[in-house]
């Protein structure tokens, strides 16, 4: 829950100006209260708008929820599903996340599926087991959309829970290994979808480590947290991504 009108008014125009000439896709994921303001600022620019979560229900008596149609009405194109904080703090299960993924796809939004392990799971050697389980829930749900082809134009973000907001970052080798594992899991079902799938790394990415991370074969970009609140830092990360 970061961001207020003053931050939006300062940050967004600076990022727009600094990234206009870069060969990179930029998506803003502000809190719900700032979605309309950001939508207006980036209208007809090279940047896109995304929401931090969405309801799996299209409409109804679900007080406090925001539907896919509501997001589309304010020009949202992307939405995060399964962010680690939604899973760990708000108790969203992999089945819940899969339902949100399908709802987003059916509505025409491009979901960014977040997967990742806790520190305990990493230290117990359960990283691949955890990530596989999170992916499989979505694979199963995609049967209603014709199978794995439902991942076309979607994005997966690997965000090790132990590296989010902690200052810790997975080594380039650790990050690449999990990204390669994710792509291989998709390739078992459809090699063409896997080859075109964009997989992002999210876990304390900053201007000093972005270049090394993005140089890895299977890391296609970043899901940026704290560094995105500073225009200079975020722009430096975008520059690193443009060299991919």
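Some notes on this structure:
- Qualifying residues in region 48-63 (those that are surrounded by fewer than 19 Cβ atoms within 10 Å (Cβ to Cβ) and free of Cβ contacts under 8 Å to residues at least 40 places away in the same chain) - the one nearest to residue 92 (Cα to Cα): 52
- Within region 91-113, tally of residues that are surrounded by fewer than 19 Cβ atoms within 10 Å (Cβ to Cβ) and either within 27 Å of residue 46 (Cβ to Cβ) or in contact with a helix residue (DSSP H, G or I) (Cβ under 9 Å, 6 or more places away or on another chain) (or both): 7
- Reported count of residues in region 155-184, each being modelled with pLDDT of 95 or more, assigned to a helix (DSSP H, G or I) and under 14 Å from the mean Cα position of the chain (by Cα), is 1.
- Subset tally (residues that are touching a helix residue (DSSP H, G or I) at 6+ places or on another chain (Cβ under 6 Å) and assigned to a helix (DSSP H, G or I)) for region 1-15: 5
- Output for region 35-45, where each listed residue is surrounded by fewer than 20 Cβ atoms within 10 Å (Cβ to Cβ) and out of contact with any helix residue (DSSP H, G or I) (no Cβ under 7 Å at 6 or more places or on another chain): 36, 39, 40, 43, 44
- When the residues of region 187-219 are filtered to those that are free of Cβ contacts under 8 Å to residues at least 40 places away in the same chain and closer than 19 Å to residue 110 by Cα, the one that is surrounded by the most Cβ atoms within 10 Å (Cβ to Cβ) is 194.
- Filter result (in contact with a strand residue (DSSP E or B) (Cβ under 7 Å, 6 or more places away or on another chain) and in a helix (DSSP H, G or I)) within region 16-28: 16, 19
- Condition check for residue 7: touching a residue at least 24 places away in the same chain (Cβ under 8 Å), under 26 Å from residue 235 (Cβ atoms), surrounded by 20 or more Cβ atoms within 10 Å (Cβ to Cβ) and out of contact with any strand residue (DSSP E or B) (no Cβ under 8 Å at 6 or more places or on another chain): no
The values are calculated or read from the model by the stated rules, or taken from the named source; none is laboratory data. Just so we're clear, the structure is a prediction, and the values are computed from it rather than from any experiment. With ideal geometry, Cβ positions are generated from the backbone for all residues, glycine too; neighbour counts draw on all protein chains shown.
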